[in-house]
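To keep things clear, I will list the structure first and then write my remarks on it.
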Amino acid sequence: MRKPSRRKVVAGGVGLLGNLLPPNVIAQVAAPAGPLKLAPLGYAFNALQPHIDAETMEIHYSRHHAAYVNNLNAALYDFPRVAAMPLEQMLARIAELPDGLKATVRNNGGGHANHTMFWQVMGTTGAQPSGDIAAAIKRDFGGLDKLRAEFDAAGTRLFGSGWVFVTVTAEGKLAITSRPNQDTPLMDGQRVLFGNDVWEHAYYVTYQNRRADYLKAWWNAIDWVKVSGRYAAAKSGALAI
Ligand code: MN3
């Protein structure tokens with residue numbers, strides 16, 4: 001069951017209750033319910049054009065990602081002890097969670113973590129890998145071209161919906177892996193340096209069925225300054241999602 005979007009809740013709150021309730025109650029109605037939040041995107045929906053079109057970005061962020069957050073918050077309402085856990089722990093300890101919560105955390109918690117990372121590693125700086133991250137890419141893949149070829153091949157091979165990731169260890173070692181649906185290496189206690197969403201909703205408007213073309217173009221949307229920051233955070237133990 002889909003919960004109404006925040007915008008609809010706000011509109012409903014003002015339209016139906018605005019004349020009846022004091023302002024503090026309206027604020028509670030309008031606030032997103034639950035412990036998890038949809039972070040601001042950090043750039044405009046059209047910022048990644050022509051590689052990712054604005055319509056795709058808007059639907060992907062405002063509807064798909066928002067739905068994962070809303071669904072998870074709704075499910076966590078009855079499990080306050082789980083709700084108090086950081087998301088990466090919820091995912092790493094999924095086997096210990098109440099049975100009624102496992103599938104929701106896996107699908108919607110995984111979706112929330114994956115998309116939070118995804119928006120973060122994209123941007124418009126146009127920078128290329130340099131310094132530590134460039135050295136690690138050369139050491140572990142033989143260079144950026146080889147990383148790209150291997151990563152795109154993994155994304156093309158993945159049947160149906162899922163993600164391709166580059167994981168990073170605390171020592172800074174990089175590896176390519178893929179997962180179906182909204183699964184994430186966080187469920188195995190690993191850390192994600194960056195990853196690409198190969199669900200059709202991530203690319204269908206511009207690329208239709210041409211996933212390989214999307215994978216190739218996506219490298220133009222990566223912000224290597226942000227990836228570099230995540231790499232440093234992973235090595236210092238500070239990288240969470
Ligand atoms: Mn997606």
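The values are calculated or read from the model by the stated rules, or taken from the named source; none is laboratory data. What you see is a predicted model; the values in this text were computed from it and never measured. Note: ideal-geometry Cβ built from the backbone for every residue, glycine included; neighbour counts use all protein chains shown.
Is there any pair linking a residue in the range 203-219 that is of a type in the set (Asp, Glu) to one that is surrounded by 14 or more Cβ atoms within 10 Å (Cβ to Cβ), with Cβ under 7 Å and at least six apart or on different chains, and which?
Close Cβ pairs satisfying both conditions: Asp213/Tyr207.
Does Phe118 count as aromatic (Phe, Trp, Tyr), part of a helix (DSSP H, G or I) and in contact (Cβ under 8 Å) with a residue 24 or more places away in the chain? Walk me through how you get there before you give the answer.
Details: aromatic (Phe, Trp, Tyr): yes; part of a helix (DSSP H, G or I): yes; in contact (Cβ under 8 Å) with a residue 24 or more places away in the chain: yes.
Yes.
Yes/no per residue for (1) assigned to a helix (DSSP H, G or I); (2) among the small types (Gly, Ala, Ser); (3) at positive phi; (4) in contact with a Gly (Cβ under 7 Å, 6 or more places away or on another chain):
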position	(1), (2), (3), (4)
Val82	yes, no, no, no
Ala95	yes, yes, no, no
Asn107	yes, no, no, no
Ala113	yes, yes, no, no
Gln128	no, no, no, no
Ile133	yes, no, no, no
Arg139	yes, no, no, no
Leu147	yes, no, no, no
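Just a yes or no: is a residue in the range 36-54 charged (D, E, K, R) and closer than 21 Å to Tyr204 by Cα?
Step one: of the range 36-54, the residues charged (D, E, K, R) are 37, 53.
When the remaining residues are screened for being closer than 21 Å to Tyr204 by Cα, the result is 53.
Checking the range 36-54: at least one residue is charged (D, E, K, R) and closer than 21 Å to Tyr204 by Cα.
Would you check which residues across the range 161-175 are more than 13 Å from the ligand (Cβ to nearest atom) and either surrounded by fewer than 22 Cβ atoms within 10 Å (Cβ to Cβ) or over 16 Å from the mean Cα position of the chain (by Cα) (or both) and list them?
Thr167, Val168, Thr169, Ala170, Glu171, Gly172, Lys173, Leu174, Ala175
Does the range 152-176 hold any residues that are farther than 18 Å from Trp218 by Cα and small (Gly, Ala, Ser), and which are they?
Passing the criteria: Gly160, Ala170, Gly172, Ala175.
Test Ser178 against the criterion of being under 24 Å from Ser62 (Cβ atoms) and either small (Gly, Ala, Ser) or away from the ligand (no atom under 16 Å from the Cβ) (or both), and give yes or no. Full working, then the answer.
On the way: under 24 Å from Ser62 (Cβ atoms): no; either small (Gly, Ala, Ser) or away from the ligand (no atom under 16 Å from the Cβ) (or both): yes.
It is false that Ser178 is under 24 Å from Ser62 (Cβ atoms) and either small (Gly, Ala, Ser) or away from the ligand (no atom under 16 Å from the Cβ) (or both).
Going residue by residue through the range 184-192, is there one that turns out to be touching a residue at least 12 places away in the same chain (Cβ under 8 Å), closer than 25 Å to Gly111 by Cβ, in a strand (DSSP E or B) and not assigned by TED's automatic domain parsing to the domain that holds Val69?
Going through the range 184-192, the residues touching a residue at least 12 places away in the same chain (Cβ under 8 Å) turn out to be 184-192.
If we keep only those that are closer than 25 Å to Gly111 by Cβ too, we end up with 184-192.
With the extra rule that they be in a strand (DSSP E or B), the set shrinks to 191-192.
Then drop every residue that is not not assigned by TED's automatic domain parsing to the domain that holds Val69, which leaves 191-192.
Within the range 184-192, one or more residues are touching a residue at least 12 places away in the same chain (Cβ under 8 Å), closer than 25 Å to Gly111 by Cβ, in a strand (DSSP E or B) and not assigned by TED's automatic domain parsing to the domain that holds Val69.
Against the definition (more than 16 Å from the ligand (Cβ to nearest atom), hydroxyl-bearing (Ser, Thr, Tyr) and out of contact with any helix residue (DSSP H, G or I) (no Cβ under 8 Å at 6 or more places or on another chain)), how does Ser228 come out, yes or no?
Answer is no for this residue.
Being among the charged types (D, E, K, R) and either in the same structural domain as Glu88 (by TED's automatic domain parsing) or not in a loop (DSSP other than H, G, I, E, B) (or both) is the filter; apply it to the range 193-241 and report the residue that is nearest to Ile94 (Cα to Cα). Can you show your working first?
The first filter runs over the range 193-241 and keeps only residues among the charged types (D, E, K, R), leaving 197, 200, 210-211, 213, 216, 223, 226, 230, 235.
Filter once more, so that each one left must be either in the same structural domain as Glu88 (by TED's automatic domain parsing) or not in a loop (DSSP other than H, G, I, E, B) (or both): 197, 200, 211, 213, 216, 226, 230, 235.
Details: Asp197: 22, Glu200: 26, Arg211: 31, Asp213: 35, Lys216: 33, Lys226: 28, Arg230: 24, Lys235: 25 Å.
Among those that are among the charged types (D, E, K, R) and either in the same structural domain as Glu88 (by TED's automatic domain parsing) or not in a loop (DSSP other than H, G, I, E, B) (or both), it is Asp197.
Could you please tell me which pairs satisfy a Cβ distance under 9 Å, a separation of 6+ or placement on different chains, a first residue in the range 46-61 that is modelled with pLDDT of 95 or more and within 14 Å of the ligand (Cβ to nearest atom), and a second residue that is acidic (Asp, Glu) and outside any helix (DSSP H, G or I)?
His60/Asp197
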